[in-house]
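A short write-up of the structure that comes next.
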Amino acid sequence: MIQKPADTEQKIASIIAERWSGKAFDANRPVSDDTITALCEAALWAPSCYGDAPWRYVICNKYQDENAWQKTLESLAEGNQLWAVNAPLLIVTTSVTTFTHNNSENRWNGYDTGAASLNMCLQATAAGLMSHQMGGFDGQKLRNALQIPATVEIWSVIAIGYPAAADSLTAEELQQEQKARQRRPLAAHFFNSIWQEN
Ligand SMILES: Cc1cc2nc3c(=O)[nH]c(=O)nc-3n(C[C@H](O)[C@H](O)[C@H](O)COP(=O)(O)O)c2cc1C
């Protein structure tokens, strides 16, 4: 399994450092129901505005409902399909856009749902799984295929599965998977006291 921990100035929690968006999944290794439940629990315990938990996830498990999984795969951008085809789980991230308690607009629904998705991805890392979120998909295709209401926002499809063993990859795939992860310098994102353009 390929590991690409974040290269950080200061030590950070290992689960955060170790999560990365690989593309080489093991298509022959299903994810157990208990592990899937743990992924859902992790997302459920994310914080949210008013504790409203606006996120809703549609879990498409190739080993349980190949039809739903296939339709979700086909809604992905072509470049994503090439590798996501090996991920046994394709999880569609959506959110409701109004608060449950008063039906008014919840303008934090995207913020909260991103937090829930990251919780899910970190839980995946903790379970030895790999996760890869995708924004490249055809939302209308997904709506039709999975009966997602028009009022519900669709944010991403998250591919989850066990990483493929490095020795099962072609030289080209291996090279791709081993590319260094990069971030801009801290100072480009974090400012002391006042906003800074850079
Ligand atoms: C909202 C969102 C959309 C993304 N869309 C895609 C995508 O369509 N295809 C893809 O290969 N990666 C996609 N990614 C993965 C990012 O490219 C990846 O997270 C980023 O390069 C940082 O790498 P890391 O996750 O390994 O740290 C997406 C990630 C997020 C959070």
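Only residues that are surrounded by fewer than 17 Cβ atoms within 10 Å (Cβ to Cβ) and either at pLDDT 95 or above or over 14 Å from I2 (Cβ atoms) (or both): list them for segment 147-165, please. Q147, P149, A150, T151, V152 - these are the residues of segment 147-165 that are surrounded by fewer than 17 Cβ atoms within 10 Å (Cβ to Cβ) and either at pLDDT 95 or above or over 14 Å from I2 (Cβ atoms) (or both). Within segment 166-198, if we keep just the residues that are within 20 Å of A6 (Cα to Cα), small (G, A, S) and away from the ligand (no atom under 16 Å from the Cβ), the residue that is surrounded by the fewest Cβ atoms within 10 Å (Cβ to Cβ) turns out to be A187. Among the criteria (1) small (G, A, S); (2) closer than 29 Å to Q178 by Cβ; (3) away from the ligand (no atom under 14 Å from the Cβ); (4) surrounded by 14 or more Cβ atoms within 10 Å (Cβ to Cβ), the one A13 does not fulfil is (4).
Residues in segment 87-110 include at least one that is assigned to a helix (DSSP H, G or I) and buried (at least 20 other Cβ atoms within 10 Å of the Cβ). Within segment 19-28, is even one residue over 18 Å from the mean Cα position of the chain (by Cα), within 16 Å of the ligand (Cβ to nearest atom) and of a type in the set (S, T, N, Q)? Checked segment 19-28: no residue is over 18 Å from the mean Cα position of the chain (by Cα), within 16 Å of the ligand (Cβ to nearest atom) and of a type in the set (S, T, N, Q). Applying the condition of being hydroxyl-bearing (S, T, Y) and within 15 Å of the ligand (Cβ to nearest atom) to segment 71-109 and asking which residue is nearest to the chain's Cα centre (by Cα) yields T93.
Could you tell me whether any residue of segment 66-84 is farther than 19 Å from P149 by Cα and buried (at least 23 other Cβ atoms within 10 Å of the Cβ)? There is at least one residue in segment 66-84 that is farther than 19 Å from P149 by Cα and buried (at least 23 other Cβ atoms within 10 Å of the Cβ). Screening E41 with (1) surrounded by 15 or more Cβ atoms within 10 Å (Cβ to Cβ); (2) under 15 Å from the mean Cα position of the chain (by Cα); (3) away from the ligand (no atom under 16 Å from the Cβ) gives one miss only, at (1). Whenever a residue of segment 161-185 is more than 26 Å from N61 (Cα to Cα) and assigned to a loop (DSSP other than H, G, I, E, B), its partners that are at pLDDT below 90 and aliphatic (A, V, I, L, M), lying with C-beta atoms within less than 8 angstrom and at least six residues away or across chains, give the pairs Q178/I2.
Scanning segment 51-72 for residues that are touching a helix residue (DSSP H, G or I) at 6+ places or on another chain (Cβ under 6 Å) and among the hydrophobic types (A, V, I, L, M, F, W, C) returns W55, V58, C60. When the criteria are applied in full, W55 meets the requirement of being surrounded by 13 or more Cβ atoms within 10 Å (Cβ to Cβ) and either within 16 Å of the ligand (Cβ to nearest atom) or touching a residue at least 40 places away in the same chain (Cβ under 8 Å) (or both).
The values are calculated or read from the model by the stated rules, or taken from the named source; none is laboratory data. Nothing here was measured: the structure is a model prediction, and the numbers come from that model. Cβ: placed from backbone, ideal geometry, glycine included. Neighbour counts: every protein chain shown.
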